[in-house]
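None of the figures in this text is laboratory data; all of them are computed from the coordinates on show. Since this is a predicted model, take the numbers as computed values, not measurements. No Cβ is skipped: glycine too gets one built from the backbone with ideal geometry, and neighbour counts run over all protein chains shown.
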Amino acid sequence: SQQGEEDPQALSIQEGENATMNCSYKTSINNLQWYRQNSGRGLVHLILIRSNEREKHSGRLRVTLDTSKKSSSLLITASRAADTASYFCATQRSGGGADGLTFGKGTHLIIQP
Amino acid sequence: KAGVTQTPRYLIKTRGQQVTLSCSPISGHRSVSWYQQTPGQGLQFLFEYFSETQRNKGNFPGRFSGRQFSNSRSEMNVSTLELGDSALYLCASSLEGLKAEAFFGQGTRLTVV
């Protein structure tokens, strides 16, 4: 079953604009990760944020985590055409659950040149 | 450092046959996880192996099995293939297992006809 739910399901913006994607989840987690996938290929790890962290940056990426609301957001600043991809959040449940990483359905981001 | 390698990249099988997929993790990584990705169900966790032992298992029938060798390479086997097994199968390797960042291979696209 899906734990993470990304919002929106699809997003189309102009190159140079910022893109924000949200993720909600249901259970307590150890960490939350964001991945990018281009056209049905492998997933590329973007960033991991632990449950005791609130914000993390990596280059043009900014991730926030609000464990009280069970939600996270991924901000991509100054978007480029190469950022066109599907973005997934993945959670690892705390408490020793045997779920592996639980992924949402993803946000499909299109950057218009 | 070489990434995660999955072979083969594409596979076409007939219903009722069996298939074996292979995954070579990043050197030094002892955890290998397998995921199934379909348009309808998204990314779903199959199982995780760590140091040759299955440590976690998702909610898949017994037709899906795996193993890990002493060099951390892993294989996944699906017996008595069904049309619904058509999917992209992704392997991920990690240093510490499910609580750490996972690095994915390009996947094996399996088509069952």
Table column - 3J(HN,Hα) (Hz), region B:73-78, Karplus curve with 6.51, -1.76, 1.60, x for Gly and Pro: 4, 10, 10, 10, 10, 10
Reachable lysines, given that their alpha-carbon falls under 29 Å from the alpha-carbon of B:LYS13 and they are not under 8 places away in the same chain: A:LYS105, B:LYS57
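For chain B, what value does the Rg/Rh ratio take when both radii are computed over Cα atoms and Rh is the Kirkwood radius, given to two decimals?
Numbers: Rg = 13.1 Å, Rh = 13.8 Å.
Looking at chain B, the ratio lands at 0.95.
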In sequence order, calculated HN-Hα J values of region A:8-18 (Karplus, 6.51, -1.76, 1.60; Hz; x Gly/Pro): x, 6, 9, 8, 10, 9, 7, 4, x, 7, 8
Interchain or long-range residues, amide H under 5 Å from B:SER31's placed H: B:SER94, B:GLY97
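Suppose every Lys and Arg Cβ carries +1 and every Asp and Glu Cβ carries -1, with no other charges. What dipole size does chain B come out with about its Cα centre, to the nearest 20 debye? Mind dumping the intermediate values first?
Numbers: 12 positive and 7 negative charges, 27 e Å.
With Lys and Arg at +1 and Asp and Glu at -1, about 140 debye.
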Peptide ranges A:51-62, B:96-107, A:75-86 listed from the most packed, as the mean C-beta count within 10 angstrom indicates: B:96-107, A:75-86, A:51-62
Gain on full stretching of the segment that runs from A:SER39 to A:ASN52 - 0.36 nm per residue minus C-alpha separation: 1.4 nm
Two-decimal Rg to Rh for the protein assembly as shown - Kirkwood Rh, Cα set: 0.97
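Which percentage, to the nearest 5, of the DSSP beta bridges contained in the protein assembly as shown is antiparallel?
Details: 77 of 86 bridges.
Here the antiparallel bridges make up roughly 90 percent for the protein assembly as shown.
Compute the length gained on full extension between B:THR53 and B:LEU11: take 0.36 nm times their separation in residues and subtract their Cα-Cα distance, giving the result in nm to one decimal. Let's see the in-between values first.
Values: separation 42, 0.36 × 42 = 15.12 nm, distance 2.68 nm.
Gain on extension, B:THR53 to B:LEU11, equals 12.4 nm.
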Pairwise centroid distance, computed over Cα atoms, of region B:15-52 with region B:60-113, Å: 2
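Just to be sure I understand: of the beta bridges DSSP finds with both ends in chain B, what percent are antiparallel, rounded to 5? Walk me through the numbers on the way to the answer.
Numbers: 37 of 41 bridges.
Of all bridge pairs located within chain B, approximately 90 percent are antiparallel.
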